[in-house]
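One structure is given below, encoded as structure tokens.
Readers should treat all values here as calculations from the given coordinates under stated rules, not as data from a laboratory. Small disclaimer: the values here were computed from a predicted structure and weren't measured. As a convention, Cβ positions derive from the backbone with ideal geometry for all residues, glycine included, and neighbour counts pool all protein chains shown.
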Amino acid sequence: MKRRTVALLGSTGSIGTQALDVMGRNPDRFEVMALAAGGGNPMALAAQVVATRPAIVAVADAGAVGDVRAALSAAGVTGVEVAGGPQAVVDVAGSGADVVLNGITGSVGLRPTLAALAAGSTLALANKESLVAGGALVKAALQRPDQIVPVDSEHSALAQALRSGARAEVKRLVLTASGGAFRGRTRAELAHVTVEQALKHPNWDMGPVVTINSASLVNKALELIEAHWLFDMPYARIDIVIHPQSIVHSMVEFVDGSTIAQASPPDMRLPIALGIGWPDRVADAAPGLDWTRASAWQFEPVDDEAFPAIALARDAAAASDLHPAVFNAANEQCVAAFVAGALPFLGMVETTRAVVEEYVAPGGLSLEAVDAAESWARTRAGARIAAR
């Protein structure tokens with residue numbers, strides 16, 4: 001089996017560190033060609049460079065390049081190119097690696113996604129915001145139907161389950177959601193929850209933005225839009241169900257009444273390994289289920305009154321191709337405000353809804369139009385937060 005070169009974007013984040021664990025245990029399968037990170041943790045990035053010896057390192061924050069170079073020098077690393085700024089990350093994505101794993105958080109990942117596709121690389125996509133903000137642009141950039149391999153556990157599960165039948169046999173997709181930190185709470189009970197409480201996810205170890213989005217179910221709303229673009233499935237045929245155990249990662253229902261589910265412990269190393277190894281599996285990527293122990297799985301409907309984000313995402317997607325970008329950008333602004341204590345938990349989706357409903361999309365879709373929509377959304381969300 002040919003050894004694959006990998007460009008890893010977001011290397012010091014949750015996805016990146018787990019990806020390096022998978023690749024480090026499979027050196028005969030994968031070679032790290034390039035690393036890209038924000039630059040906020042230069043020592044961790046330097047340690048990754050020592051372990052993987054990539055040819056180039058990109059640091060999104062150009063101001064952190066000096067610190068990264070100093071950390072590399074202290075570690076005795078020489079001969080590694082360090083480039084700074086957002087364009088450096090885009091350049092790494094477009095460098096022609098066999099696989100580009102995009103583990104960046106936020107819509108800033110859209111340009112690297114497009115660069116990887118333009119270079120002909122297989123894109124292992126963990127940056128759902130690329131498809132939320134620019135789904136039509138990403139689809140238009142594909143050079144082959146299988147160029148994107150999903151890394152989110154839910155979409156990886158769907159991709160695996162879809163192998164069980166022909167496209168014409170698929171009735172609907174079912175995304176599962178853990179319910180986050182506040183599953184089962186009423187809207188009234190969510191009025192005064194804290195940032196610390198929102199960051200206590202019951203099953204997954206993720207970054208703060210994704211964890212807070214999980215608590216509000218915004219993360220599942222974004223994954224709804226992502227599933228639409230990944231699998232060319234109408235929104236009306238994508239359902240979401242709460243599954244607190246996070247064992248069944250998603251399901252595909254077929255026209256004959258059969259449902260195929262993918263089940264495994266909540267460990268991102270499995271979908272990461274499948275993303276960079278697709279269509280081949282990586283042996284022992286993560287532990288499997290212990291079928292000798294008694295267990296129970298439960299499934300519940302989404303409480304749309306307490307958690308209205310999913311319904312809002314459906315409305316945004318129906319409005320225009322640019323409204324999801326507005327939804328995502330406004331939410332990112334609101335999450336930052338919640339963390340800073342400037343917005344209550346329920347205020348995040350309330351403010352996002354107000355911004356989405358205010359937006360009027362211009363004609364045409366382009367990268368510049370996405371940028372303009374996001375900039376407008378952040379400004380409007382900021383103004384609404386300040387006026388509270």
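Quick look at the values:
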{"quantity": "Using a Förster distance of 41 Å, the FRET efficiency for ASP61-ALA136 (Cβ separation, nearest 0.05)", "calculated": "0.85"}
{"quantity": "Net charge over other residues, Cβ less than 12 angstrom from the Cβ of GLU129 (K, R count +1; D, E count -1)", "calculated": "-3"}
{"quantity": "Segment 275-331: chymotrypsin sites (Phe, Trp or Tyr not before Pro) falling in loop per DSSP and having at most 11 other Cβ within 10 Å", "calculated": "TRP291"}
{"quantity": "Least to most buried among LEU8, LEU199 (fewest other Cβ within 10 Å first)", "calculated": "LEU199, LEU8"}
{"quantity": "The chain: relative contact order in percent, alpha carbon pairs under 8 Å with at least 6 residues between", "calculated": "15"}
{"quantity": "Helix-only [θ]222 nm of the chain, DSSP H runs n ≥ 4, -39500 (n - 2.57) each, per residue, nearest 500", "calculated": "-13500 deg cm²/dmol"}
{"quantity": "Net charge contributed by nearby residues that have their C-beta within less than 15 Å of GLN245 (K/R +1, D/E -1)", "calculated": "-2"}
{"quantity": "Value of relative contact order over segment 4-150, rounded to a whole percent, pairs C-alpha under 8 Å and six or more apart", "calculated": "22"}
{"quantity": "Low-density loop positions, trypsin sites (Lys or Arg not before Pro), segment 261-365 - DSSP coil, at most 16 other Cβ in 10 Å", "calculated": "ARG281, ARG293"}
